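The values are calculated or read from the model by the stated rules, or taken from the named source; none is laboratory data. Here the structure is a predicted model, which means the values were calculated and not measured. Positions of Cβ are generated from backbone atoms using ideal geometry, with glycine treated the same way; all protein chains shown enter the neighbour counts. The protein model used for the area step is the full one, side chains on, heavy atoms only, and it has no ligands, DNA or RNA in it. Shrake-Rupley method; radii C 1.70, N 1.55, O 1.52, S 1.80 Å.
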Amino acid sequence: MIRTRFAPSPTGYLHIGGVRTALFSWAFAKKHGGTFVLRIEDTDLERSTPESVKAILDGMHWVGLDYDEGPFYQTHRFERYEEVIQKLLASGHAYHCYMSREELDTLRAEQEERGEKPRYDRRWRPEAGKVLPAPPADVKPVVRFKTPLDGVVAWDDAVKGRIEFANEELDDLIIARPDGSPTYNFCVVVDDWDMQITHVIRGDDHVNNTPRQINILKALNAPLPIYGHLPMILNENGQKMSKRRDAVSVVDYAERGILPEALLNYLARLGWGHGDDELFDMAQFVEWFTLEAVSPSASRFNHEKFMWLNAQHIKLADNTRLATLVAPRLAASGITLEEGPALTEVLALVKERVQDLNTLADECHYFYQKLTPTDADVEKHLSGDTPARMARFATRLAALSEWNAASIHGLFKPFCADEGIKMGQLGMPLRVLVCGTAQTPSVDAVLALIGRDEVLRRMAA
């Protein structure tokens, strides 16, 4: 049984890199009929906050990545971690280290001065024939894992291929702090073991953690999961994405009018592909997804392509659902919908023209409340004898027996012939007069939706 997990740290917002990791882990489990686990790695007690936990859970809900088990919290499992630490101490795979923080800082400074790699010198590591000093009474010890002194740690990464680390390059990792609280790399090992995680799919910033975690798993005689490290997402300039420069939080994308299915669709294409397919839903993604198809190289976030993809998903979206997303945006602009056309009908007309929900709301505005035209539009389209001409056209509109797009359209050609004008000389002023903007969909469809009484009222005004 395939079991994957997404294990964010609640020290900030839900990053889109994290969403992609969750997406790939989720899809791999779904494809194989497995289980997707959500785990909150909150052992960083100083930085973890309830607000960040809520942001993670809300973000997962917004993008629609449903987890089968969890959320599990590491802070609820401290007794289990202590149990395993005692097991490692008893088996000789861990030991107490009484080196103070000041001593460690001094050691590292001396090593750097000599041009050496800063590292703990294993002075408290028990070895055959080695005599350890008496433990100082004023120092609370940490617990360090006894890393093998030779050999290599190797694994066949599901994304990056064969990776090897020499044990001599690895430090004796601290697995419990002086206050007894367990550290990140240790908790991850115990969690993955206890939760029977078969595939650890995560960002490649964790590659250096993997050999340490494998060594601990081997010391516990625990099965090793298959590791797959996903490449980094870079911004359009090839830099690591940051909150200062880029929209990286799921909340940012929600506020910018992005559909969650569009975000997932785009993230799926960052580092993975299925031929030339660009637009697809998550059911198709699950069917197509393999770890072998994930590129080991970093991907660049292309904003133009992303917005194009969001536009395609808006076009495909159900209008009733879109109405629930657009109505609050209109309300925030002071627009009430009670006396205007059905929002779903308006959306069906205008959604082909936009790339995000905020712009979609803007496009709906003039169906409920006329915009104030710019001076340039007034000068260009409503000057000279145009107002008198519009009054004559209003008379013909008022005389229509049926009010619909076809009937309105039927007035255009004969009126233009009678007036000796081209259609642009009627359509553009009509848009500005009724809507307040020269940029609208087909003017006959717009007038039909706004309604006879409101159109005539606006023209008269």
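Taking the criterion of being assigned to a helix (DSSP H, G or I), open to solvent by 50 Å² or more (accessible area, probe 1.4 Å) and either farther than 28 Å from residue 336 by Cα or not hydrophobic (A, V, I, L, M, F, W, C) (or both), the residues of the stretch 389-412 that qualify are 391, 392, 395, 396, 409. Comparison of 27, 94 shows that the only residue that is more than 25 Å from residue 198 (Cβ to Cβ), in contact with a helix residue (DSSP H, G or I) (Cβ under 7 Å, 6 or more places away or on another chain) and not hydroxyl-bearing (Ser, Thr, Tyr) is 94.
Quick one: would you say residue 238 is touching a residue at least 24 places away in the same chain (Cβ under 8 Å), out of contact with any helix residue (DSSP H, G or I) (no Cβ under 6 Å at 6 or more places or on another chain), assigned to a loop (DSSP other than H, G, I, E, B) and surrounded by 13 or more Cβ atoms within 10 Å (Cβ to Cβ)? Quick ask: steps written out before the conclusion?
Working: touching a residue at least 24 places away in the same chain (Cβ under 8 Å): yes; out of contact with any helix residue (DSSP H, G or I) (no Cβ under 6 Å at 6 or more places or on another chain): yes; assigned to a loop (DSSP other than H, G, I, E, B): yes; surrounded by 13 or more Cβ atoms within 10 Å (Cβ to Cβ): no.
No: the conditions fail for residue 238.
Exactly one residue out of 253, 266 is surrounded by 14 or more Cβ atoms within 10 Å (Cβ to Cβ), hydroxyl-bearing (Ser, Thr, Tyr), modelled with pLDDT of 95 or more and within 23 Å of the chain's Cα centre (by Cα), and it is 266. Checking each residue in the stretch 413-461 for being in a loop (DSSP other than H, G, I, E, B), surrounded by 18 or more Cβ atoms within 10 Å (Cβ to Cβ) and of a type in the set (Val, Ile, Thr) picks out 437, 440. Looking only at residues in the stretch 171-184 that are more than 13 Å from residue 147 (Cα to Cα) and not β-branched (Val, Ile, Thr), the one that is most open to solvent (accessible area, probe 1.4 Å) is 179. Kindly indicate which of 191, 179, 171, 205 is modelled with pLDDT under 95 and either among the basic types (Lys, Arg) or part of a helix (DSSP H, G or I) (or both). Going through 191, 179, 171, 205 in turn, just one is modelled with pLDDT under 95 and either among the basic types (Lys, Arg) or part of a helix (DSSP H, G or I) (or both): 205.
For every residue, the table says whether it meets (1) more than 25 Å from residue 461 (Cα to Cα); (2) β-branched (Val, Ile, Thr); (3) in contact with a helix residue (DSSP H, G or I) (Cβ under 7 Å, 6 or more places away or on another chain); (4) surrounded by fewer than 17 Cβ atoms within 10 Å (Cβ to Cβ).
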| position | (1), (2), (3), (4) |
| --- | --- |
| 296 | yes, no, no, yes |
| 299 | yes, no, no, no |
| 302 | yes, no, no, yes |
| 323 | yes, no, yes, no |
| 334 | no, no, no, yes |
| 362 | no, no, no, no |
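In contact with a Lys or Arg (Cβ under 6 Å, 6 or more places away or on another chain) and among the polar types (S, T, N, Q) - does that describe any residue in the stretch 209-221?
Among the residues of the stretch 209-221, not one is in contact with a Lys or Arg (Cβ under 6 Å, 6 or more places away or on another chain) and among the polar types (S, T, N, Q), which makes the answer no.
Number of residues in the stretch 1-21 that are of a type outside the set (Val, Ile, Thr) and over 9 Å from the mean Cα position of the chain (by Cα): the value is 10. Report yes if residue 172 is touching a Lys or Arg at 6+ places or on another chain (Cβ under 6 Å) and not hydroxyl-bearing (Ser, Thr, Tyr), otherwise no. Yes, satisfied. Filtering the stretch 22-57 down to residues that are of a type in the set (Asp, Glu) and within 23 Å of residue 230 (Cβ to Cβ), which residue is most open to solvent (accessible area, probe 1.4 Å)? So, considering only residues that are of a type in the set (Asp, Glu) and within 23 Å of residue 230 (Cβ to Cβ), the one most open to solvent (accessible area, probe 1.4 Å) is 44.
Of the residues making up the stretch 134-168, those that are closer than 21 Å to residue 92 by Cα, open to solvent by 40 Å² or more (accessible area, probe 1.4 Å) and of a type in the set (D, E, K, R) number 4.
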